[in-house]
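Colleague: Got a structure for you, questions after.
The values are calculated or read from the model by the stated rules, or taken from the named source; none is laboratory data. Every value quoted in this text rests on a predicted model; they were computed, and no experiment measured them. Here the Cβ is made from the backbone with ideal geometry for all residues, glycine too, and neighbour counts use every protein chain on show.
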Amino acid sequence: MPVACNSSKLGMRPILISFVLFTAFSLFGADQSDPRFEKWLNRSQNIYATHHMIAYVRLAHLDSKGDRSGEAEFRYDRYPDKIERITRNDVSFVRKKGKKWIQSDDWGETGEPAEPEALKLIQVVISYADLPLRTKGESRDKSQGAVVVRVVDQRKTKEGNEEIVFEQGREHQKPDLNYPKYTFFRYKDADPDDVVLSEFSGPVYESGGGKVQLDVRYDYLVAVKMEAITPEPSAPDKNASAEKAAGPTMGKSASLPPPISDKIYTFAQIEKQKAELKDKIVRIEIRYLLGEPSDLLGDGTQRYIVKDTSKGATPYGQVAFPREGLEKMGLANDPHREGPFTLYARVHVFPEKKAAAICVAIGTRVAVENGKATYSW
């Protein structure tokens with residue numbers, strides 16, 4: 001039976017803004033006090049145009065006192081020249097390159113065409129995600145003078161990385177007004193200009209003159225190779241040595257740390273806590289695998305986009321499976337068979353840039369002895 005493409009399920013109908021919103025939003029002015037802003041914003045544009053961009057967007061109406069109401073959140077994924085996806089309230093719309101938008105919960109493998117009303121909403125959603133990356137706009141209150149960009153905060157994260165916050169204010173700023181703020185992220189020991197826009201927060205004008213608060217958090221995924229996680233066994237472990245001789249994906253994975261807990265983690269939780277979960281073993285529960293795999297490690301390991309069993313707004317993540325794992329789980333010949341499948345995976349966080357995490361599957365069973373864990377399929 002066809003599934004109706006009900007755009008109201010996205011929960012955005014009362015907060016949508018006209019397509020002209022980006023011409024009414026002051027993103028950049030002719031006068032600015034810090035030239036790094038435009039340079040770093042242009043660099044961020046190039047990065048997000050050439051990598052898998054993930055934008056977490058929150059919107060809220062602003063009344064005359066600046067109080068919020070009618071909040072809505074969504075996630076926008078864009079793989080350059082490949083696929084786009086918008087998710088809100090467990091409803092996803094997907095467009096593959098050269099195809100039309102469809103309502104789909106499996107990254108466009110199946111689905112129904114999006115209705116005309118939904119198509120209009122989708123374009124507005126995309127404009128929200130792209131808006132902070134634009135460099136053109138107009139100022140409405142001319143009495144405040146020219147736009148001036150200033151650094152208002154520069155801080156270290158607990159990992160030693162750096163965040164530089166610019167405020168896009170005015171020559172004659174009014175006290176206590178909410179001016180747009182751009183947060184740029186730099187890894188420790190990186191070059192001075194090796195930065196990327198990581199957050200935006202500020203007001204957006206509706207076509208009717210009202211305001212909406214727009215908050216966007218950006219991530220991007222870098223397609224790089226990872227080191228294999230199968231550990232070198234200790235000398236007395238003859239069985240493990242024999243297994244290693246048979247190949248890096250065969251047998252059990254010895255001498256890895258125990259799971260961080262018995263809790264089942266969702267991909268949303270892993271992404272949110274990736275700094276704390278880096279290199280830790282977590283338990284995940286998968287509903288099914290999506291699309292076609294890629295050989296990320298170059299050794300036969302297959303990386304899939306997968307959906308977990310949660311009912312959250314962002315149930316999707318990435319898991320790299322060794323060949324043996326797919327075979328033992330019965331997924332080698334039928335990777336899209338529906339689960340749930342419970343497995344243990346090591347959280348890998350790409351060091352190159354501020355990229356999304358990926359889980360590397362290491363087994364479906366675990367045995368812990370003397371603080372050491374052995375994983376098997």
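Colleague: Considering only residues that are among the hydrophobic types (A, V, I, L, M, F, W, C) and modelled with pLDDT of 90 or more, which ones fall in region 142-161? First the steps, then the outcome.
Modeller: Restricting attention to region 142-161, the residues satisfying the condition of being among the hydrophobic types (A, V, I, L, M, F, W, C) are 146-149, 151-152.
Across region 142-161, the qualifying residues are Val151, Val152.
Colleague: Let me ask something else about it. Which of (1) of a type outside the set (D, E, K, R); (2) more than 20 Å from Asn46 (Cα to Cα); (3) without any contact (Cβ under 8 Å) to a residue 24 or more places away in the chain is the odd one out, the single condition Thr183 does not satisfy?
Modeller: (2)
Colleague: When Phe37 is evaluated against the numbered criteria (1) in contact (Cβ under 8 Å) with a residue 60 or more places away in the chain; (2) in a strand (DSSP E or B), which criterion, by number, is the only one it fails?
Modeller: (2)
Colleague: Give me the residue from region 334-344 that is out of contact with any helix residue (DSSP H, G or I) (no Cβ under 9 Å at 6 or more places or on another chain) and assigned to a loop (DSSP other than H, G, I, E, B) and, out of that set, surrounded by the most Cβ atoms within 10 Å (Cβ to Cβ).
Modeller: Just the residues of region 334-344 that are out of contact with any helix residue (DSSP H, G or I) (no Cβ under 9 Å at 6 or more places or on another chain), to begin with: 334, 336-342, 344.
Narrowing the set further to residues that are assigned to a loop (DSSP other than H, G, I, E, B) leaves 334, 336-340.
Numbers: Asp334: 10, His336: 12, Arg337: 12, Glu338: 11, Gly339: 17, Pro340: 12.
Top of the filtered list is Gly339.
Colleague: Scanning region 167-192 for residues that are of a type in the set (D, E, K, R) and outside any strand (DSSP E or B), which turns out surrounded by the fewest Cβ atoms within 10 Å (Cβ to Cβ)? Spell out how you get there, then give the answer.
Modeller: Quick first cut of region 167-192, residues of a type in the set (D, E, K, R) only: 167, 170-171, 174, 176, 181, 186, 188-189, 191.
Of the ones still in play, those that are also outside any strand (DSSP E or B) are 171, 174, 176, 188-189, 191.
Numbers: Glu171: 13, Lys174: 11, Asp176: 6, Lys188: 10, Asp189: 8, Asp191: 8.
Among those residues, the one meeting the criterion is Asp176.
Colleague: Right, next: Within region 71-104, count every residue that is under 18 Å from Pro293 (Cα atoms) and either in contact with a Leu (Cβ under 8 Å, 6 or more places away or on another chain) or assigned to a loop (DSSP other than H, G, I, E, B) (or both).
Modeller: 4
Colleague: Same structure again: Among the small types (Gly, Ala, Ser), outside any loop (DSSP other than H, G, I, E, B) and modelled with pLDDT of 85 or more: is that true of Ser198 in this structure?
Modeller: Numbers: among the small types (Gly, Ala, Ser): yes; outside any loop (DSSP other than H, G, I, E, B): yes; modelled with pLDDT of 85 or more: yes.
In short, yes.
Colleague: Here is a follow-up. Counting residues that are surrounded by 14 or more Cβ atoms within 10 Å (Cβ to Cβ) and at pLDDT 85 or above, which helices (runs of 4 or more DSSP H) fully inside region 215-298 reach at least 3? Steps first, answer last, please.
Modeller: Numbers: elements: 238-245, 267-272, 274-277.
Correct list: 267-272.
Colleague: If you don't mind, another one. So which residues in region 76-103 are surrounded by 20 or more Cβ atoms within 10 Å (Cβ to Cβ) and either under 17 Å from Ala268 (Cα atoms) or at pLDDT below 90 (or both), if there are any at all?
Modeller: Tyr76, Asp77, Arg85, Ile86, Thr87, Arg88, Val91, Ser92
Colleague: Here's another thing I want to ask about it. Sort out which residues of region 105-141 are at pLDDT 90 or above and not in a helix (DSSP H, G or I), and write them in order of number.
Modeller: Gly111, Glu112, Pro113, Ala114, Glu115
Colleague: Is it the case that region 354-364 has a residue that's under 27 Å from Ser104 (Cα atoms), modelled with pLDDT under 85 and in a strand (DSSP E or B)?
Modeller: Taking every residue of region 354-364 in turn, at least one turns out to be under 27 Å from Ser104 (Cα atoms), modelled with pLDDT under 85 and in a strand (DSSP E or B).
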